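Shown next, in structure tokens, is the structure this report addresses.
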There are 2 protein chains.
Amino acid sequence: MKRTDFNGNLRAEDAGREVTLVGWVARRRNLGSLVFMDLRDRSGLVQVVFDETMAARVKDVRSEYILQVTGLVQMRKDANPKMATGEIEVLAKDVRIVNTAETSPITIADDSDTSEDVRLKYRYLDLRRKPLQDNLILRHKICMITRRVLDEKGFVEVETPILARSTPEGARDYLVPSRIYNGRFWALPQSPQIYKQLLMIAGMERYFQIARCFRDEDLRADRQPEFTQIDIEMSFVEEDDVFAVVEDLMKAIFRETIHAELDEHFVRIPWIDCMKKYGSDKPDLRFGNEIHDLSPIFADTGFQVFRSVLDQGGEVDAVCFEGLADQYSRKTIDRLQEFLKAGFKAKALAWLKMENGVLSGSVAKPLSEEEKAAIVKELDMHDNAIAFLIADQPNIARSALGALRVKVAHEHDLIDHSQYKFLWVTDFPMFEYSEEEQRWVAAHHPFTAPKEEDVDKLFTDQEHCSSRAYDLVLNGYELLSGSIRIHDQDLQEKVFEAIGLTMEQAREKFGFFLEAFRYGTPPHGGVGIGLERLTMVLAGTENIRDVVAFPTTNSSLDLMSEAPNTVDDSQLKVLGIKTDIKTPESE
Amino acid sequence: MKRTDFNGNLRAEDAGREVTLVGWVARRRNLGSLVFMDLRDRSGLVQVVFDETMAARVKDVRSEYILQVTGLVQMRKDANPKMATGEIEVLAKDVRIVNTAETSPITIADDSDTSEDVRLKYRYLDLRRKPLQDNLILRHKICMITRRVLDEKGFVEVETPILARSTPEGARDYLVPSRIYNGRFWALPQSPQIYKQLLMIAGMERYFQIARCFRDEDLRADRQPEFTQIDIEMSFVEEDDVFAVVEDLMKAIFRETIHAELDEHFVRIPWIDCMKKYGSDKPDLRFGNEIHDLSPIFADTGFQVFRSVLDQGGEVDAVCFEGLADQYSRKTIDRLQEFLKAGFKAKALAWLKMENGVLSGSVAKPLSEEEKAAIVKELDMHDNAIAFLIADQPNIARSALGALRVKVAHEHDLIDHSQYKFLWVTDFPMFEYSEEEQRWVAAHHPFTAPKEEDVDKLFTDQEHCSSRAYDLVLNGYELLSGSIRIHDQDLQEKVFEAIGLTMEQAREKFGFFLEAFRYGTPPHGGVGIGLERLTMVLAGTENIRDVVAFPTTNSSLDLMSEAPNTVDDSQLKVLGIKTDIKTPESE
């Protein structure tokens, strides 16, 4: 079809040219005998004018009709500075109605007040909005840059199976019944973890894949049943090598999409220090207000409350905000306390305000002058500063103050939104205590290597046994997870034992994979980067559905195609399954 | 880990350099007090020499152990011209055993006589072979080039869902039961067809995706249960626009992978002419030997056999081979006849040989001299030429001679394997007759547009109604299929009616998709390119498993992970299904 230009690209310098355009009618206005239409294609909008004679040919044309227009570009009398093409318009000389359109069931506009559910049902119409199209183009760009950067570094993209083996760990698997082997099932992969490690054993050395992953979980707002991971694995590497690749990748992506120059090297912090300083393993570093452990100040305190917490192995932590003391009335502080009690188990929130050089507040009285002076020094408090203190078990005090730190920063706009603060959190714990199972379980997948110096803690001090797992955090979001893997068979067996698996159980769970380790496994490690999260950060949206072409609701429904749907019994029959639904009566 | 060089890259100019290498021991030889090892990484092999003192440190090292070696590159006394690194070797100064390896259960060599099944079980070891690694790297390159070329042309890669709606057409779907909506199922997509057409309706204009597709079919040797398609769709286009994009893409891929320059424009031939000339819709054009319709010569023949075939609407077709008459004894010809009878329903194979200017053969006697002269002229027969003739119904005569054409060409090596002969076959029939259902059914998916001039044949002459579907054929293989789609609602309804669907049935099958067509659908079309087939052609292999990292057997089994496998009943319970396997007794 003839088309000389893209609508959104026309500018003043095109004036005088004859162009042929195609596109959708975004808006139609009649002005006396003239008709004006905004014609939309992927590049944007341009105004087309139909004079008296031409107007008759478009008298039935309505919104979302598709036109092919030939006409002359001319300068507009009243330029529209809000439109990229606002200086010009196209005077139609010929027009063809390419297709008609019924009235759209949703308003195709960014300020549409159509509910999200209805827009999801008509996703193909909602996707006509430029911000959504731009997000998909951004996502495409991120993938193009990723592939170019990794290819240049010698990585090979390898497609691993979607019809995979079910491995009973992690989240719930989506299952696919086999027609040829009735009674057997594939699982859709939660990640290509096992395949990528096998590729390292196979000697591919540098693998990546922009891979679809599947988890049958109850969805949170920022999850979808299927999602995409930039999956990377490398052989003969240590943490530094993996970090260097990821940092180069992030720098290229941020430079080429949003023109942001990232720091030459990203900050690194061991997990334990991160928890002490920020009470979170994904801290937002766009603001300071770190947590301080004031316990040393109270080593000999006479304040009974602090005394007894310290005696029970607790600590006294504090976060200080300059210039906010006058913003916090007792009522405001009470609300903060309620928030911490409900979500973070913190029993009490103490506070101190610095006003005219004097400390006041909930614990001003019971503390000695020396203690108060030491607090002011430690927290570097100035006039109108407020410090929040929590005396509790370390985990509780830290995570409560970590949450308070973020809440106050958001409420008082302490965050510089132009910044991109990356942070490697390293040395994650090898184990976490399962209250449910009353034992230590693997904090990551069981192929994560322990830190070399902590190998002898595997059985003796699981709480303090660190792993070689790491996260990359950006502005408070976890962008990726990864680790250096175990490549030594003996160590692997020890780790299985430490998480309570006998070799027999391990073989039952990971059989063929364990066997593979016997034939010359190189040291290796890698990462999995959440593509949707990365795109959301770069697009500046909090809604994952803004960066997915055909998303589902939080209950995994596709409102457009109504998937999942019922199928014919004959389809189930060849698969050797039947439905087995508990009706309320039968339960 | 320290590593200064890749093993396979070392050359004479590196002599004198100290290098640190890592890799797998591919071969070990003891020569007196010296030990020689070939050290393998992804780049290739290099010979490492351990002198008397170093040899002691590697005395236990066996094949597939992983070493880190520091040493001096030196010229070899006896260069090995078969190795890329054959001019040099590395004299080890330091060595570290990075990992040990048990004896490999398969021979890791290209001439391995280990059976394919065992190699599939230990795929991660078989993948250590360079030809397999090179195939995966080739596949990666094809994808990189594809994405670059399409991105430059304004195409946007959009990921469409893997958890999709089951649409009851085409091949059998893989189903995924829903946990949240027990009794409902997703289907894994057979292709992103519906989604890519929705993206056109959404105004994305130029879409592509290197997309995983799934078909639950009984596998042929060149199929896998999941496969990958380079999926392309464009708006506001006709055939020429689609062909131009694909031709540019193919030229870039062939130039940049195997350094082959393709023709500026690919040959095009309408389907009906293709069938007449080659008896196949995917002819191999690397050799001539086209089919000639000799029927006009026999318009008034006295030869009763031809006479009666022609009277019944049949035709007399022939294929001629120069220089092969002396290769075909009666016995050889009988075998050819058996082959055609069994596979192609051809009742009889006639033949004529040109020897010393005289025609002999099975039909030399009954034909008149005039007829024979006309045959010699039409087929341009010279001495030692042999012509094969079939008188039968057109479809049978053509496809039998088409098969004969290929068989003879292969047996007598008439094919120039250095050539890449592309061919667009256009104007495929809109319908094909289903003997099973005793009616005309859609030859492609029902969204394929009929040729404009054939729209009125939709109900009156379905046999001769052509569509805007096309294939790209390379050297006898179908590389891709595609079509211009219907964008007009009325026409779509007519086509449904023509294939025997009421609008009600159509809505039940394609409901939401049909609704989408109402809101302004642009003219659009596209293709789906089989990535595995393309890679196979470029890699020069006939085995699809050579271009898939983790392939299955023909019965869809992954011998490595033993997927599909049985799962816990508890997993099925939450999905609301149970197995329903017919044991032989219960049937």
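The values are calculated or read from the model by the stated rules, or taken from the named source; none is laboratory data. Just so it is clear, the structure is predicted and the values come from calculations on it, not from any experiment. Here the Cβ positions follow ideal geometry from the backbone for every residue, glycine too, while neighbour counts run over all protein chains shown. Side chains are part of the model used for accessible areas, which takes the heavy atoms of the whole protein and leaves out ligands, DNA and RNA. Shrake-Rupley method; radii C 1.70, N 1.55, O 1.52, S 1.80 Å.
With the cut-off at 25 Å, tell me which of the pairs A:K141/B:K153; A:K2/B:K276; A:K130/B:K153; A:K153/B:K2; A:K141/B:K196; A:K82/A:K121 have Cα atoms farther apart than that.
Pairs exceeding 25 Å: A:K2/B:K276; A:K82/A:K121.
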Taking Cα atoms, how many degrees apart are the long axis of helix A:489-498 and the longest axis of chain A, rounded to 10 and kept between 0 and 90?
-> 70 degrees
Can you tell me the relative contact order of region B:7-99? Whole percent, Cα pairs under 8 Å, sequence separation 6 or more.
-> 34 percent
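Can you give me the % of accessible surface on region B:287-415 that is carbon or sulfur? Probe 1.4 Å, all protein chains present, nothing else counted.
50 percent
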Counting Lys and Arg as +1 and Asp and Glu as -1, each charge on the Cβ, what is the dipole of the protein assembly as shown about the Cα centre in debye, to the nearest 20?
-> 80 debye
Could you give P(r) for the protein assembly as shown, binned at 10 Å from zero, as whole percent values over all Cα-Cα pairs?
-> 2, 8, 14, 18, 18, 16, 13, 7, 3, 1, 1, 0, 0
To the nearest 10 square angstrom, what accessible area does A:H445 show with a 1.4 Å probe?
-> 50 Å²
Where nothing but the Cβ of Lys and Arg (+1) and of Asp and Glu (-1) is charged, how large is the charge dipole of chain B around its Cα centre, in debye to the nearest 20?
-> 2500 debye
Dividing the alpha-carbon radius of gyration of region A:226-358 by 2.2 N^0.38 Å, where N counts its residues, gives 1.49
Work out the FRET efficiency for A:E152 and B:D94 from their Cβ-Cβ distance, taking R0 = 30 Å, and round it to the nearest 0.05.
-> 0.45
Low-density loop cleavage sites - trypsin sites (Lys or Arg not before Pro) in region B:72-141, where at most 11 other Cβ are within 10 Å (DSSP) = B:K77, B:K82
In this structure, the FRET efficiency calculated for A:A260 and B:T4 from their beta-carbon separation, with R0 = 45 Å, to the nearest 0.05, is 0.85
Neighbour cut-off at most 10 other Cβ (10 Å), DSSP loop, GluC sites (Glu not before Pro), region A:108-216 | none
Positive-end extreme of charge dipole, region B:7-99 - chosen from B:T53, B:A15, B:N30 (charges on Cβ) = B:N30
So if R0 is 45 Å, what FRET efficiency would B:K365 and B:E478 give, r being the distance between their Cβ atoms, rounded to the nearest 0.05?
-> 0.60
Run the numbers on chain B and let me know its relative contact order in percent, using alpha-carbon pairs under 8 Å that are six or more apart.
-> 13 percent
P(r) over all Cα-Cα pairs of region B:7-99, 5 Å bins from 0 to the longest distance, whole percent per bin, short to long, reads 3, 16, 29, 29, 17, 6, 0
When the dipole is taken about the Cα centre of region A:81-188, and only Lys, Arg (+1) and Asp, Glu (-1) are charged at their Cβ, what size is it in debye, to the nearest 20?
-> 420 debye
For the residue pair A:A84 and B:E338, what label-to-label distance in nm results when each label sits 7 Å from Cα along the Cα-to-beta-carbon direction?
-> 7.0 nm
Furthest towards positive pole of dipole, B:A373, B:H292, B:L310, structure part region B:287-415, Cβ charges | B:L310
Rounded to 10°, Cα long-axis angle of helix B:369-379 versus longest principal axis of chain B | 40 degrees
In nm, one decimal, shortest first: how far is the label point of A:Q419 (7 Å from Cα along Cα to beta carbon) from the matching points in the other copies?
-> 6.8
Of the residues B:F496, B:Y519, B:A549, the Cα lying farthest along the dipole of region B:476-566 towards its positive end, which is defined by charges on the beta carbon of Lys, Arg, Asp and Glu, belongs to B:Y519
Cα-based convex hull, region A:287-415, per residue volume (Å³, whole number) | 93 Å³
Which GluC sites (Glu not before Pro) in region A:226-276 pass both tests, a DSSP loop state and at most 10 other beta-carbon atoms within 10 Å?
-> A:E261, A:E264
Every other copy gets compared here: list the nm distances from the B:G183 label point (7 Å along Cα to Cβ) to its counterparts, shortest first, one decimal.
-> 2.8
Using only atoms on other chains, find how many Cβ atoms lie within 10 Å of each Cβ of peptide A:556-562 and report the average.
-> 6
Between B:D380 and A:I180, what is the label-to-label distance in nm when each label sits 7 Å out along the Cα-to-Cβ direction?
-> 4.7 nm
